[in-house]
Structures are given as structure tokens and as C-alpha cells.
Amino acid sequence: MRDKNLDMTRGVIWKNLLVFFLPILAGNFFQQFYTTADAVIVGQFVGKNGLAAVDSVYSLLKLPVNFFVGLSGGAAIIVSQFFGAGKKRELLGAVHTVVVFGLAGGTVLSVLGVAAAPACLRWLDVPEDIFPLTLSYVRIYYAGFVFSMLYNIGAGILRAVGNSQTPFYILVVSGAVNVVLDLFFVGVFRWGVSGAALATAAAQMVSALLALNALNGKNGVEGFSVRQARFHRPALRAIVCLGLPVGLQSSLYPVANMMIQGAINGTGTNNIAAWALCGKLDFMIWLAADSLAAAISTFVAQNYGAGQFARVRRGVLVGTGMTASLVAALGAALYLWNEPLGGLFVNPSDHDVIPIMAKLMRFLSPLYFVYVFGEALSAAIRGAGETLRPMLLTLIATCASRVLWILFVVPRSRGLITIVASYPVSWALTAVSFAVYYRIFAGKRLMGPAEETTGSY
């Protein structure tokens with residue numbers, strides 16, 4: 001199994017991280033391409049109301065996705081540790097368990113999402129002029145939710161055993177399917193945002209089937225079979241203990257963000273569309289940070305499982321530095337070129353939203369790098385098997401601070417910049433919190449014997 005996948009317990013650290021990171025970044029890019037393709041095609045063929053309809057519920061759609069991606073991420077920690085320690089039987093039991101868990105949970109949430117959609121949109125204060133479009137989009141999206149979960153679980157397992165290339169190839173294929181269907185459903189058949197949602201659901205189904213097939217392939221997990229997948233009690237217990245806090249941590253972001261989106265929704269369709277454009281432009285920031293965080297977490301998990309504590313500590317420093325440098329460069333690019341890039345997403349009659357978007361991007365761009373430190377350190381701590389306290393820190397420093405900002409600061413100065421400022425404030429608080437905790441955590445859990453590491457920086 002080790003000769004087929006990347007073993008990060010040996011070799012040069014920055015090269016390990018880079019080789020593992022690049023396919024994840026590329027794969028996440030194609031996954032985001034789903035949403036971006038929807039936005040470009042909907043913006044051009046449906047107009048700013050269609051764009052606002054899709055983006056006004058972004059946080060609502062991300063809530064269950066983040067929970068299950070986080071849960072599978074917790075399972076991936078166990079898988080990585082078993083892989084690093086060479087425990088094949090325990091590894092297979094964990095993989096079978098998380099696949100069954102994802103299938104069952106994804107199906108339940110598909111049903112609940114379709115049924116609860118109208119009430120959720122009312123709670124988010126979606127404007128009446130885009131309410132019907134938004135409801136149609138949300139219901140179709142949730143109907144295909146189980147496929148999204150199965151792909152993310154399959155991809156998470158593949159990455160946990162060092163195979164970050166196969167998920168990338170899968171997303172290239174499904175991304176192409178999404179774009180082609182978008183053009184037909186929205187551009188040719190004129191199905192509007194419903195067509196965009198159908199295209200996304202179909203592409204997610206393709207990615208799910210390919211991911212499950214890859215788990216049984218030569219670069220997957222030895223012995224895996226969908227037919228033999230079932231719950232293994234020891235694995236289920238470990239997955240719940242580690243994965244549930246990670247899932248909750250991941251889902252806390254959209255919970256707080258829904259309050260922010262609700263505040264933005266109350267300022268009008270133009271501001272909603274402008275904020276939607278910001279999301280289409282800065283997605284590379286989040287892809288870069290999240291992809292390197294995934295690489296850091298897997299690196300830490302494999303080396304922690306192998307007992308190479310000094311290598312873990314070095315990897316965290318190298319990975320955090322790589323992430324900060326990349327995000328700072330991307331932030332500078334967005335500061336300089338946000339207007340021409342934003343113009344790609346709207347038709348000429350809707351260009352009144354571009355100045356609003358530009359103002360927001362120039363405010364946020366110099367501050368994106370602050371987000372990196374909390375994300376990288378949180379990933380490192382999770383990779384070592386500590387998931388509860390990172391969840392609590394995220395709850396307080398990130399989510400509670402955003403909620404309190406919306407409740408107490410925004411009413412005193414109800415401008416769009418004031419609402420959006422909740423993000424950099426929470427990034428700074430989270431970065432400081434995790435920096436302090438990492439020093440404490442590293443002193444207790446990552447200060448094993450002063451062994452020589454295999455490889456170098």
C-alpha cells in the first residue's frame with residue numbers, strides 16, 4: 001500500500017507538502033468551478049436576480065456540506081494514523097464505517113433539506129423578488145446532496161492514505177460535466193437557476209460514483225468493497241469521537257455566516273449581488289488555505305501515527321509559512337485586479353454592482369493572510385487527534401465573535417463594510433487563540449523523544 005501512495009513520514013518536508021497540496025488545490029479548484037460556472041452562466045443568462053438567488057443561500061447550502069466534510073475529515077485523521085502506523089485491518093474497518101455513515105447521513109439530510117427549504121429561506125430574509133428562484137435552486141441542490149457527501153468522503157479517504165491525485169482527476173471530469181450541462185440547461189433550454197442546480201447535482205453524482213470506484217482501485221484502500229461496507233464498532237466509536245467535533249467545527253462557520261448573509265440580504269439585491277461577486281473572486285484564497293491545511297493535517301496525522309514528533313513540529317512551521325506566503329500573494333492580486341475580474345460574472349446591464357464589489361475587495365484583500373494562522377494551526381492540532389478543543393476555540397473566537405458583531409456592532413453603524421468587517425475581526429481572534437493553544441498543545445502532545453527526523457525541511 002505504501003508504494004502506491006505518498007508516505008509523508010520520510011523525505012523533504014516542503015516537497016512532501018507541495019506534492020500532496022497541488023492536486024488538492026487543483027481538485028478543490030474544479031469543485032469550486034461548479035459554483036463559479038453556475039454564477040457566470042446564471043449571471044449572463046438570468047441576470048443579477050439569478051446571481052443573487054444562488055448566492056443568498058450559500059451559507060445555508062454549506063452548513064450540511066461542511067458538517068459531513070468535517071466528519072469525514074475526522075475519519076481521515078484516523079485513517080492517516082492507521083496508514084502511518086501500518087495497521088491495515090484497522091484502516092479497512094474505519095474506511096467501511098465512514099462510507100456507510102456518509103450514505104445514511106447524506107440520505108437523511110437530502111430529505112430534510114428539501115422539506116425545510118421554505119422555512120430556512122424565510123429565516124434568512126431572502127427578498128421576495130428572488131424567493132421563488134432561490135427556493136427552486138435550494139430544493140434541487142438538496143435532492144442531490146447525498147452524492148456530494150459520498151464524493152467528499154471518498155476523496156477524504158484517498159487523501160488520508162496519500163493519494164491526492166485521484167480526487168483531482170475525478171473533479172476534472174465532473175467539472176466538465178457540470179459546465180456542459182450548465183450551458184445546455186441554462187443557456188439552451190432556459191431553465192434558469194433550476195437548470196444550474198440540476199447540472200450541479202448531476203456532476204456530483206458522477207464524482208461520487210468515480211470516488212467510490214477509486215477506493216477499490218490500485219491506488220485506493222486494499223480490501224475495500226462497497227458490498228462489504230458496514231459499521232465496525234471500534235471504528236465507529238473513534239470516528240464519532242474525533243469526527244463529530246471536526247464536523248461541528250466545520251458547520252459552525254456557515255451558522256455564523258448565515259447571520260452575516262441575513263444582514264447583507266436586508267440591504268438590497270445590488271449588495272447581495274456585489275457580495276456574491278466577492279465570493280466568486282476570493283474563492284482561490286480559501287482553496288489555497290484549505291488545501292494546504294488538508295496537507296498539513298495529513299502530514300501531521302501520518303507522522304504522529306509513526307511517532308515522529310520532531311518531524312511533526314517542523315512540518316507545522318513549514319506548512320504555515322507556505323500557506324501565509326501564497327495567500328498574501330493572492331490577496332495582492334485581488335486588490336489590484338478585482339474590477340476586471342468581477343466584470344466577467346455579470347452582463348453589461350448589471351455593472352452597477354461592480355463599484356460596490358470593488359470597495360469590499362479593497363477592504364478585505366490586505367487582511368486575508370490573517371486567516372491562515374488559525375486554519376493551519378487548527379489543522380495541525382486535529383491531525384494529532386485532538387478535535388474537541390479546536391472546535392470549542394472555533395465556536396468562541398470565530399463564530400461567537402461574528403454573531404456578537406452582527407447583534408451589537410452592526411446596528412450602530414449599519415453599512416455594508418461594517419457587516420463584512422465581522423470576518424477579519426474573527427480571523428484575528430482565531431489566529432491569536434490557536435497560536436496560544438498550539439504552544440500549550442505542542443508542549444504536551446508533540447514533544448516526544450528528541451528523535452532525528454527522516455528527511456529535512
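Every number here is computed from the coordinates shown, using simple stated rules; none is lab data. This structure is a prediction, so every number in the text was calculated from the model and none was measured. Here the Cβ is made from the backbone with ideal geometry for all residues, glycine too, and neighbour counts use every protein chain on show.
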query: Taking region 107-225 as the region of interest, what is the percent of Cα-Cα pairs per 5 angstrom bin, listed from the shortest bin to the one with the maximum distance?
result: 2, 12, 18, 17, 16, 14, 10, 6, 3, 1, 0
message: Please return the longest range in the chain lying between exposed loop sites, taking GluC sites (Glu not before Pro), DSSP loop only, at most 16 other beta-carbon atoms within 10 Å, and leaving the sites out.
response: 223-450
- prompt: Applying the Karplus parametrisation 6.51 cos²θ - 1.76 cosθ + 1.60 with θ = phi - 60° to the phi angles of region 20-30, what ³J(HN,Hα) value in whole Hz is obtained for each residue in order, glycine and proline being reported as x?
  reply: 6, 6, 4, x, 5, 4, 5, x, 5, 4, 5
statement: Neighbours of Ile272 by Cβ distance under 11 Å: Lys/Arg at +1, Asp/Glu at -1, summed charge -2
statement: Of the listed links Lys62/Lys87; Lys62/Lys280; Lys280/Lys359, those spanning more than 25 angstrom between alpha carbons are Lys62/Lys87
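In which sequence would Val99, Val40 go, from the one with the fewest C-beta neighbours within 10 Å to the one with the most?
Listed from fewest to most nearby Cβ atoms, that is Val40, Val99.
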Shape call, region 284-427: gyration tensor on alpha carbons, a/c limit 1.5: oblate
field: Sorted by Cβ neighbour density within 10 Å, fewest at the top, the residues Met391, Met284
entry: Met284, Met391
- line: Which of (i) 34, 30, 22; (ii) 35, 26, 20; (iii) 65, 29, 19 is the computed semi-axes √(5λ) of the Cα gyration tensor in Å? It is (ii)
message: What does the charge count around Leu392 come to, taking other residues whose C-beta lies under 15 Å from its C-beta (Lys +1, Arg +1, Asp -1, Glu -1)?
response: +1
- prompt: How about region 211-305: which trypsin sites (Lys or Arg not before Pro) there lie in a loop by DSSP and see at most 15 other Cβ atoms within 10 Å?
  reply: Lys218, Arg230
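What FRET efficiency would be calculated for the residue pair Arg412, Ala332, taking the C-beta separation as r and a Förster radius of 35 Å, to the nearest 0.05? Provide the component values of the computation, followed by the final result.
Working: r = 32 Å, r/R0 = 0.92.
Calculated value: 0.65.
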field: Within-14-Å neighbourhood charge of Trp337 [Cβ basis; K, R +1; D, E -1]
entry: 0
field: Cα-centre dipole for region 1-141 with unit charges at Cβ (Lys and Arg positive, Asp and Glu negative), debye to 20
entry: 700
query: Amide H to amide H under 5 Å from Trp191: which residues, 5+ apart in sequence or cross-chain, H placed 1.01 Å off N in plane?
result: Val186
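On full extension of the chain, what length is gained from Ser225 through Ala435, given 0.36 nm per residue of separation minus the C-alpha to C-alpha distance?
Extending this stretch completely gives an extra 71.5 nm.
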statement: Rounded to two decimals, the Debye log10 I(q)/I(0) of region 1-158 (Cα scatterers, no solvent) at q = 0.10, 0.14, 0.16, 0.21 Å⁻¹ is -0.49, -0.82, -0.96, -1.32
message: Only four residue types carry charge here, +1 at the Cβ of Lys and Arg and -1 at the Cβ of Asp and Glu. Report the dipole size of region 13-445 about the Cα centre in Debye, rounded to the nearest 20.
response: 1560
field: region 165-313: proportion of alpha-carbon pairs further apart than 18 angstrom, %
entry: 78
query: Karplus couplings for region 380-391 from phi (6.51 cos²θ - 1.76 cosθ + 1.60, θ = phi - 60°), rounded to Hz, Gly and Pro as x?
result: 5, 5, 5, x, 8, x, 9, 10, 5, 5, x, 5
query: Residue by residue through region 234-243, which ³J(HN,Hα) values in whole Hz follow from phi under the Karplus form 6.51 cos²θ - 1.76 cosθ + 1.60 (θ = phi - 60°), with glycine and proline marked x?
result: x, 5, 4, 4, 5, 5, 5, 5, 8, x
statement: Under the rule rounded for a/c under 1.5, else prolate if a/b exceeds b/c, else oblate, using alpha carbon gyration tensor axes a ≥ b ≥ c, region 254-307 is classed as oblate
Calculated FRET value between Leu209 and Leu18, using beta carbons and R₀ = 25 Å, to 0.05: 0.25
- request: Return the FRET efficiency for the residue pair Ala176, Asn216: r is the Cβ-Cβ distance, R0 is 25 Å, and the value is rounded to the nearest 0.05.
  value: 0.60
- line: Restricting to Cα pairs under 8 Å and 6 or more apart, the percent relative contact order of region 13-445 works out to 25
